Amino acid sequence: MRLPSLSSKQIIRALRKAGFNEAPERGKGSHRAFVKKDPSGKVRLVIVPYGKDIPRGTLLAIVEQAGLTRDIFFTLL
């Protein structure tokens, strides 16, 4: 399945559905940071450029940082 170009707001909404919360001490400026603790105790940090459409390559990197598969990410959209 080919990745679409999505807006940062769509990506953020999907990350929140996956259990990510905005990191209050990070994300100033043109990027937002989101964190989630895995069941194993590992903390995942995902950085999302804010306020523009996200290119496919950057979207793929965000999905990988979040520890999600493409299929799971698309079900969250």
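So that you can scan it fast, the table gives a plain yes or no per residue for (1) among the acidic types (Asp, Glu); (2) touching a strand residue (DSSP E or B) at 6+ places or on another chain (Cβ under 6 Å):
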| site | (1), (2) |
| --- | --- |
| 24 | no, no |
| 29 | no, no |
| 42 | no, no |
| 49 | no, yes |
| 64 | yes, no |
| 73 | no, no |
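Among the residues of the range 30-75, the ones that are under 16 Å from residue 4 (Cα atoms), among the acidic types (Asp, Glu) and more than 11 Å from the chain's Cα centre (by Cα) come to 2 in all.
Across the range 27-44, which residue is farthest from residue 64 (Cα to Cα) among those that are surrounded by 14 or more Cβ atoms within 10 Å (Cβ to Cβ) and of a type in the set (Lys, Arg)? Full working, then the answer.
Of all residues in the range 27-44, those surrounded by 14 or more Cβ atoms within 10 Å (Cβ to Cβ) come to 27, 32-36, 44.
If we keep only those that are of a type in the set (Lys, Arg) as well, we get 32, 36, 44.
Working: 32: 16, 36: 14, 44: 10 Å.
Among those residues, the one meeting the criterion is 32.
Laboratory data are not the source of any read-out in this text; all were calculated from the coordinates shown. Small disclaimer: the values here were computed from a predicted structure and weren't measured. Here the Cβ is made from the backbone with ideal geometry for all residues, glycine too, and neighbour counts use every protein chain on show.
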